[in-house]
2 protein chains.
Amino acid sequence: MSFDLDRIDRNILNILQKDSRISNQDLAERIGLSPPACLRRVRRLRESGVIVAEVALINPRMVGRYINIIVEVEMVRDQLDIYDAFKRKMDAAPEVTQCYQVTGEVDFLLMLLVEDMESYEAFTRKYLSTDANLAKFRTLISLRRDKFSTAVPL
Amino acid sequence: MSFDLDRIDRNILNILQKDSRISNQDLAERIGLSPPACLRRVRRLRESGVIVAEVALINPRMVGRYINIIVEVEMVRDQLDIYDAFKRKMDAAPEVTQCYQVTGEVDFLLMLLVEDMESYEAFTRKYLSTDANLAKFRTLISLRRDKFSTAVPL
DNA sequence: CTTATTAACGAAATTCAATTTCATTTTGGT
DNA sequence: ACCAAAATGAAATTGAATTTCGTTAATAAG
């Protein structure tokens with residue numbers, strides 16, 4: 001499950017977490033290895049599952065008027081199958097960008113990205129208000145995503 | 001600020017948001033354009049700021065025992081300069097991976113990634129408990145990140 | 001302490017893809 | 001219908017990724 005990283009691996013990951021489009025040659029130079037050695041490291045990180053994916057991040061504001069919505073969800077009962085069913089639903093919902101199972105008064109925290117309040121209204125109807133296992137939910141609305149970093153601090 | 005996307009651009013973005021390591025040739029084939037034409041599109045999306053970055057996503061569980069922490073923060077007063085100062089602090093804090101200014105009872109929602117509760121304890125001391133403009137905060141702890149997608153649904 | 005074994009390395013060669021060039025086609029506006 | 005601007009694709013070029021293989025370093029065993 002876990003994976004031993006040495007200083008060089010950490011170095012590579014810190015760079016790739018900021019910019020995965022860097023050429024292997026440049027990366028090799030920055031970490032002080034030859035291109036082949038560097039490539040082998042990166043491949044190993046990919047194959048071992050440390051690097052899950054390499055993706056393009058786009059600015060939501062450039063492609064529409066998106067709203068971030070945070071939803072705190074409380075289920076009626078703390079049962080595994082109820083939790084699992086809910087997770088599966090959230091996984092299938094395209095509006096849901098993040099889903100966390102949390103401890104405490106609340107059971108789940110959802111992060112949504114929607115075009116407008118109408119879309120959110122539709123979402124609640126389809127996924128929340130009609131779920132018999134859901135006790136209550138609270139909505140927080142954000143027009144500003146002030147920070148968004150995908151990097152894991154190493 | 002905004003940017004007109006046609007069907008082809010959207011198509012490109014949907015692919016790159018899932019896998020930015022795809023070769024330009026394969027991408028070109030999938031969207032039905034020649035490699036040069038495809039490359040120009042992608043370059044334009046990058047230069048215009050639609051594509052903010054291309055990054056490697058790593059699995060936190062593979063490199064340590066990370067905990068997700070969600071913090072809801074309420075400031076003492078709804079003043080612009082107080083908000084801005086807080087944002088700047090969060091931007092500088094490496095533990096904070098996301099920061100949203102929200103409307104309603106709460107003022108900010110933070111997403112943190114920390115090694116253990118001790119690290120979180122240290123964070124609250126350094127950034128929260130000592131902030132005179134901060135009225136109160138509530139902590140939600142998550143050991144499970146059930147869904148995490150960086151893709152903007154287009 | 002020496003010697004096998006394994007893993008990681010780098011130089012050079014090869015393969016493959018990105019990128020440029022340029023003539024042609026398409027698109028949008030008048 | 002015509003012009004101007006933008007987008008396209010074929011072919012050539014450039015440049016980087018990847019393979020090969022002999023060498024070096026690290027680790028374990030005798």
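Among the residues of the stretch A:12-48, which ones are away from every other protein chain (no Cβ under 11 Å) and touching a Leu at 6+ places or on another chain (Cβ under 7 Å)? Matches in the stretch A:12-48: A:Asn24, A:Cys38. Residues in the stretch A:95-123 that are closer than 26 Å to A:Val63 by Cα and free of Cβ contacts under 8 Å to residues at least 12 places away in the same chain were compared, and the one that is least open to solvent (accessible area, probe 1.4 Å) is A:Ala122.
Yes/no matrix, rows are residues, columns are (1) more than 17 Å from B:Ile58 (Cα to Cα); (2) of a type in the set (A, V, I, L, M, F, W, C); (3) near DNA strand D (Cβ under 8 Å from one of its atoms); (4) open to solvent by 20 Å² or more (accessible area, probe 1.4 Å):
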position	(1), (2), (3), (4)
A:Phe3	no, yes, no, yes
A:Asp6	no, no, no, yes
A:Arg10	no, no, no, yes
A:Gln17	no, no, no, no
A:Ser23	yes, no, yes, yes
A:Glu29	yes, no, no, yes
A:Gly32	yes, no, no, yes
A:Pro36	yes, no, yes, yes
A:Val42	no, yes, yes, no
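For the stretch B:15-47, taking the residues that are under 19 Å from B:Thr150 (Cβ atoms) and touching a residue at least 24 places away in the same chain (Cβ under 8 Å), the one that is nearest to DNA strand C (Cβ to nearest atom) is identified as B:Val42.
Give me the residue from the stretch A:50-65 that is free of Cβ contacts under 8 Å to residues at least 24 places away in the same chain and part of a loop (DSSP other than H, G, I, E, B) and, out of that set, nearest to DNA strand C (Cβ to nearest atom). This residue is A:Val63.
The values are calculated or read from the model by the stated rules, or taken from the named source; none is laboratory data. Computed from a predicted model, the values in this text were never measured in an experiment. Note: ideal-geometry Cβ built from the backbone for every residue, glycine included; neighbour counts use all protein chains shown. Please note that ligands, DNA and RNA were not included when accessible areas were found on the heavy atoms of the full protein model with its side chains. Shrake-Rupley method; radii C 1.70, N 1.55, O 1.52, S 1.80 Å.
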